[in-house]
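For reference, the structure is listed below as structure tokens.
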Amino acid sequence: MPVSTGNLTPLGVTFQPGDDEIDTGEINACIWSRGATAVYLCLFDEDGTESRYALTPGVDFLWTGRIPGGYVGQRYGLRVDGPWDPESGERFNVNKLLSDPHARAFSGSVELCEEIFAHNTLNDLEFNDLDSAGKVLYSVLTDFNQGGEPFDWDGDVAPNTPWDQTVVYEMHVKGFTQLNKLVPEELRGTYAAMAEPAVIDYLKNLGVTAVELLPIHQFIDETHLMETGRTNYWGYNSIGFFAPHLSYSAWHASDSVDTPIERTRQINEFKFMVQQLHRAGIEVILDVVYNHTAEGDQGGPTYSFKGLSTPGYYKLGSEDPRYFANYTGTGNTFDTYQPQGLRIVLDSLRYWVEEMHVDGFRFDLATSVARAPVDVDMFGSFVQGVSQDPVLRETKLIAEPWDIGEGGYQVGEFPEPWAEWNDKYRDCLRDFWRSETGIQELGWRLTGSRDLYGAAHRAPHTSVNFVTAHDGFTLYDLVSYNDKHNEANGEDNRDGSDSNRSWNSGAEGPTADPEVKALRTTRARSFLATLLLSHGTPMIVAGDEFGRTQFGNNNAYCQDSKITWINWTLAPWQEEQLEFTRNLLRLRRENALYRPQVFAETLEGDHADALVHSDGSHRTLLWFSPTGELTSDDEWDDPNVQSVGLFLANNTARDDAAPQVSSLLLLNGSSEPVDFTIPDHAPTPQNWQLQFDTAQSESTGQTSLSVGEIVTLAPLSCALLTSTQ
């Protein structure tokens, strides 16, 4: 059916309700497709009847149309005709129902079958004329940016937590609440569950300031997982950059109702989650996947972008455009160097901030998104486009600064206002707490990695410090396994990294040996203590605060099961570790010593950062050997020296009467006990209170120590002493 010309904005398919029962409203379609010869909007009635409307070609490869009628929750899709010439990169196939790249909601599911491929599955050059309608996701009409019903934000105010006070908590929407008995059973594993008082109270009492949600953009399981009955649990396989993932919605999870109004409810359910977290002072950061999509390489299915314009949305091989460039390890690389690829990413980011009220983003494989067109370009369109955008530059922007391509490792290279995952911090801390490195690099990592970020005049918060993340071992597994145990993934334990920098503490996996168990507890606490008291922005993974295990699986991306769901039935030792973590976060929150906003000055003769006040007399950051003396050049350079003390103090030159707080963090990364002498280099005599010793089950804070006294640290343990004058 031909239709009248539509508006050029907004992109996508949107619905404008009418003013009364007579005026039922209208649909506006504006679809970008470069190289197409025809574009159709396909509307589906509740009985599955499809009506096709031919859109009108216009400027800048935009196809538009205005269609009377429609309703919120109506299912629709797109069909695009054009040349079938895979050897030049063109893969148009009008038989494939495509999702709207700007859809705010989806309905249905994907069926693994021949129909979802634009080509013959035995030969990607051969055209496939099977119709995919009913086998792929339907896009769902929404009221412009709104869901099926208006949402009252009720004066929602973003927490705007300063970077130096930020503690990031990486978590999975489903896995965090699926086994939580304090959440109503019908809500577990959903956005609604995240808004439950019991969940929010836990986060507040723990002391984190931001949840970083693993991908919640609509995603699809990879075909190789469908073949074996598995799923993509992590969600790093996006297809809809504007839609909350359907299966995390409470209505969908409970009874799979699929009526028009319910097809849009995940939008308001997500908004309610954000609203409730904000009321508790907790920011929401999204882990976003713009580096690739669920369509795979030239042999993968066609869901959306491939059928709209393969060369317009994907990087193709420079020598042979039949093949996709693969900087991501997933088969394709989304192309933000081209205007339309960049536009949809920026539009998506702004939508999640302006309409959904999220507070920031962690960019998966950010260097892939920054490639322009091949080399990573920090002055290119993507990085600069985000950095200067008046909406986005005010959010928290975190880069995973690497991909698998040449020149893809870019730690320390992203410009202001970006922060970065710091894997050098991760690797250094893992080595130190298994006696595999000395103290030289440790000095940089504990004090914000100035060697990486200081030269660019960045602040310590730029370094997002982490020891574990969703991929790899959990903290408990890091101290309990030498090797990965991924048999449950169905790949004969071939998947996942073999380089974990882990140590099992003397036994592989579960054990009844009390000495091994005690050492694991000590090491886990040492990891937590150094992570949460280091300068920079700490990130902890949900469950690490009390010792969650994945049973040695270091690549649980396909495990939607008790392997990845958090078990909230805690043993006594887990309760103790949880309380230990809460106390660490309280110490960090109450003492600016551990969260400076600027790097300290480097002084000649000092081996790490040291700060001198205006009178030149007092230093607030010093390193000590166990003897109580300043560390020597030989000690810093000796990889066998694995024990050191870090002295921190606040500004002793101030005129006000505020308490003068000092801190002494003692670290023993060796496999033998070490005696530390309390040093005599503070501005005034200090009486030290022991806050914790990671080798002790209880930390009372009552032990008092003076200059010259001895603190004995067990192997692979650390202790914190504080003093207030």
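Across the chain, Cα pairs under 8 Å and at least six residues apart give a relative contact order of 10 percent.
Scoring 210-220, 270-280 by mean Cβ neighbours within 10 Å over their residues and listing the highest first yields 210-220, 270-280.
Other residues whose C-beta falls under 14 angstrom from the C-beta of residue 136 contribute a net charge of -3, scoring Lys and Arg +1 and Asp and Glu -1. The peptide list 475-484, 387-396, put in order of mean Cβ contacts within 10 Å with the highest first, becomes 475-484, 387-396.
Just the Cα atoms of the chain, one point each, no solvent: what log10 I(q)/I(0) does Debye give at q = 0.05, 0.06, 0.11 Å⁻¹? So the normalised log intensities are -0.27, -0.39, -1.15.
Neighbour counts of C-beta atoms inside 10 Å place 172, 224 in the sequence 224, 172, starting with the fewest. Amide H contacts of residue 283 (H built 1.01 Å from N, in plane; Pro and chain starts excluded): 210, 211 sit under 5 Å, all sequence-distant by 5 or more or on other chains.
All C-alpha pair distances within the range 357-490, sorted into 10 Å bins from zero, spread as 11, 35, 33, 17, 3 percent across the bins. Averaging the sequence gap over all C-alpha pairs within less than 8 Å and six or more residues apart, then dividing by the number of residues, gives the range 343-456 a relative contact order of 20 percent.
Looking at the range 142-265, I'd like the Rg to Rh ratio, where Rg is from alpha-carbon atoms and Rh is Kirkwood's inverse mean 1/r. Radius of gyration relative to Kirkwood radius: 0.98. Beta bridges assigned by DSSP with both partners in the chain are antiparallel in approximately 70 percent of cases.
Sorted on the mean count of surrounding Cβ atoms within 10 Å across their residues, most packed first, peptides 322-329, 400-407, 418-425 read 418-425, 322-329, 400-407. With the convex hull drawn around the C-alpha atoms of the range 1-159, the volume per residue stands at 166 Å³. GluC sites (Glu not before Pro), restricted to the range 23-74: which are DSSP loop and have at most 13 other Cβ atoms within 10 Å? For GluC sites (Glu not before Pro) across the range 23-74 that sit outside H, G, I, E and B with at most 13 neighbouring Cβ atoms in 10 Å, the list reads 46.
Note that the range 314-368 shows a convex hull volume over its alpha carbon atoms of 89 Å³ per residue. Taking the longest Cα principal axis of the chain as reference, the axis of helix 572-590 is set at about 90 degrees.
Mind listing P(r) for the range 234-322? All alpha-carbon pairs, 10 Å bins, whole percents. Here the calculated profile for the range 234-322 is 14, 33, 30, 17, 6, 0. Here the range 314-383 is assigned +1 on the Cβ of each Lys and Arg and -1 on the Cβ of each Asp and Glu. Its dipole about the Cα centre then comes out at about 100 debye. Annotation: amide H of residue 535 within the under-5 Å range of 447, 448, sequence separation 5 or more or interchain, hydrogens built in the peptide plane. Evaluating 6.51 cos²θ - 1.76 cosθ + 1.60 at θ = phi - 60° for every residue in the range 223-229, the Karplus couplings come out as 5, 5, 6, 4, 4, 10, x Hz, glycine and proline recorded as x. Hydrodynamic analysis of the range 459-541 uses the Kirkwood radius over alpha carbon pairs. Inserted into Stokes-Einstein at 37 °C and 0.692 mPa s, it gives a translational diffusion coefficient of 233 µm²/s.
Could you state the angle between the C-alpha long axis of helix 265-279 and the longest principal axis of the C-alpha atoms of the chain, as a value from 0 to 90 degrees rounded to the nearest 10? Taking the Cα atoms of the chain, the angle to 265-279 is about 20 degrees.
The magnitude of the dipole of the range 56-149, with charges of +1 and -1 set on the Cβ of Lys/Arg and Asp/Glu and taken from the Cα centre, is near 460 debye.
Hey, how many Å between the Cα centroid of the range 380-412 and the Cα centroid of the range 36-97? Taking the Cα centre of the range 36-97 as reference, the centre of the range 380-412 is 33 Å away. Our coupling estimate for the range 183-191, obtained by passing each phi through the Karplus curve with A = 6.51, B = -1.76, C = 1.60 and θ = phi - 60°, is 9, x, 4, 6, 9, 4, x, 10, 4 Hz, Gly and Pro reported as x.
Read-outs: derived from the displayed coordinates by stated rules, not from any lab. Owing to the predicted nature of the structure, the values given are computational and were not obtained by experimental measurement. Cβ sites come from the backbone with ideal geometry, for glycine too, and all protein chains shown count toward neighbours.
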